[in-house]
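Engineer: Mind looking over this structure? Questions follow.
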Amino acid sequence: MFELVRRNRVRSALFVSVMMALLVAVGYFAQEIRLPGSGHVGAMLALGLGLFMFLISYYWGGEILLSTVGAREIEKKDAPRLYNVVEEMVIASGLGVIPKIYVIDSPVSNAFATGCAPEVSAVAVTEGLLRICSRDELQAVIGHEIAHIKNRDILFMTLLSVMVGAIALISDAVRRWFTSDRQQTTRAAAATVGLMSVARVGAVMFAIGTLIILLGPFAAKVIFFAASRTREYLADIGGAIFTRNPVALADALEKISTYAVGNTLPVPDVAQGMLIVGPAIFASHPPIEQRIAILRKLAGVGELSYDRYASAYSQVTGRQAGFMPRSALAEPAVRIAGAAAVSSGVGAYRREALDAVRKKAGYKAFLCACGATIKIPPQFPAGQVIKCPGCGRSLDQCVLTPLGWQ
């Protein structure tokens with residue numbers, strides 16, 4: 001596993017270097033075309049912009065993303081069974097630090113991890129995911145996210161996503177400058193400005209610069225998506241090895257992808273790559289069918305290893321698993337868990353987690369004399385009639401016992 005992380009870092013450094021070169025090139029030519037002879041200033045400004053955006057993302061990106069989706073942190077006393085699932089995966093992975101746990105009040109089925117280091121990491125799951133997943137499936141999803149944290153994927157993807165955003169900002173600014181009313185009021189004026197720029201910069205340099213500025217955002221996204229895809233495969237096998245149950249992750253991915261059709265979390269485009277299942281169009285994730293097929297190939301193999309996953313990957317995709325280091329392929333296998341699922345407490349952890357997030361949101365909970373639990377949201381209109389789901393009587397007719405949420 002250590003060698004896998006090290007190889008991940010080497011590949012990350014390569015991707016970051018290419019993206020950094022593209023960012024500098026876009027900044028250089030953007031300024032050179034605008035003001036010939038000052039391209040170096042544009043390159044430094046581009047680097048400064050990228051560094052500023054990265055620092056913002058590094059220190060506050062996770063909090064911003066969690067706040068964007070309305071995630072609420074829960075503690076062990078709020079949902080001990082869900083907390084135990086995370087603890088199990090931390091122990092199995094050897095991460096050494098228990099990430100913060102968040103539940104998102106959303107029917108969309110998805111999950112993601114944040115934090116550029118294990119010490120400041122967090123795992124977030126939606127209510128929709130808790131509703132559809134069994135305990136084994138939830139454990140597999142958490143294992144996948146813990147693998148992302150252990151592999152340092154979040155730091156790397158944060159850096160790449162920031163560069164994608166910086167390149168897009170610079171390219172958009174240059175396009176606006178070329179098409180602004182102040183610079184080009186007529187076609188003739190536009191042609192004159194273009195000819196002057198070509199004369200000062202040089203025809204070849206002008207053509208290269210224009211091409212880089214126009215295609216820079218597209219090339220940056222291609223690099224970002226290519227990097228993200230390989231990391232999803234590695235997180236899949238990591239989660240499968242931590243749980244020793246690849247079928248559970250396959251089942252979870254199948255359920256998530258089924259319920260995700262037409263439903264997405266409100267996260268920025270550059271953060272879509274952090275979700276366990278991303279958008280289908282121009283995806284930052286591998287095809288979900290391939291991920292599921294590879295995991296199902298591992299069912300019944302007896303023992304699970306990176307080498308077996310690489311073999312299953314080749315059978316499903318017809319390509320070699322070039323992202324898998326040789327040293328990882330030589331790691332010893334682990335025995336796969338039996339087919340029987342753990343059924344005790346399957347529904348309990350769901351109720352605990354969902355009740356915990358509702359408690360944090362300010363719900364009031366009462367127990368009716370008939371045995372039904374009534375949970376009232378804080379924004380519920382005053383004076384409106386509430387009927388007990390058990391006995392059908394209105395709230396003022398019920399004998400209620402507060403459940404001590406407040």
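The values are calculated or read from the model by the stated rules, or taken from the named source; none is laboratory data. No experiment lies behind these values; they were computed from the predicted model shown. Note: ideal-geometry Cβ built from the backbone for every residue, glycine included; neighbour counts use all protein chains shown. Just the protein is used for accessible areas: all its heavy atoms, side chains included, with ligands, DNA and RNA removed. Shrake-Rupley method; radii C 1.70, N 1.55, O 1.52, S 1.80 Å.
Engineer: For region 386-398, enumerate the residues that are open to solvent by less than 80 Å² (accessible area, probe 1.4 Å) and either part of a strand (DSSP E or B) or touching a strand residue (DSSP E or B) at 6+ places or on another chain (Cβ under 9 Å) (or both).
Structural biologist: Within region 386-398, Ile386, Cys388, Gly390, Cys391, Ser394, Leu395, Cys398 meet the criteria.
Engineer: For region 386-406, how many residues meet the condition of being modelled with pLDDT under 75 and among the hydrophobic types (A, V, I, L, M, F, W, C)?
Structural biologist: Going through region 386-406 one residue at a time, the tally reaches 6.
Engineer: Taking helices (runs of 4 or more DSSP H) that do not extend beyond region 299-385, which have at least 1 residues that are open to solvent by less than 50 Å² (accessible area, probe 1.4 Å), in contact with a Lys or Arg (Cβ under 7 Å, 6 or more places away or on another chain) and at pLDDT 70 or above?
Structural biologist: 306-317, 346-360
Engineer: In addition: Given the condition of a type outside the set (Ser, Thr, Tyr), under 14 Å from Ala250 (Cα atoms) and open to solvent by 10 Å² or more (accessible area, probe 1.4 Å), answer yes or no: does some residue in region 105-122 qualify?
Structural biologist: no
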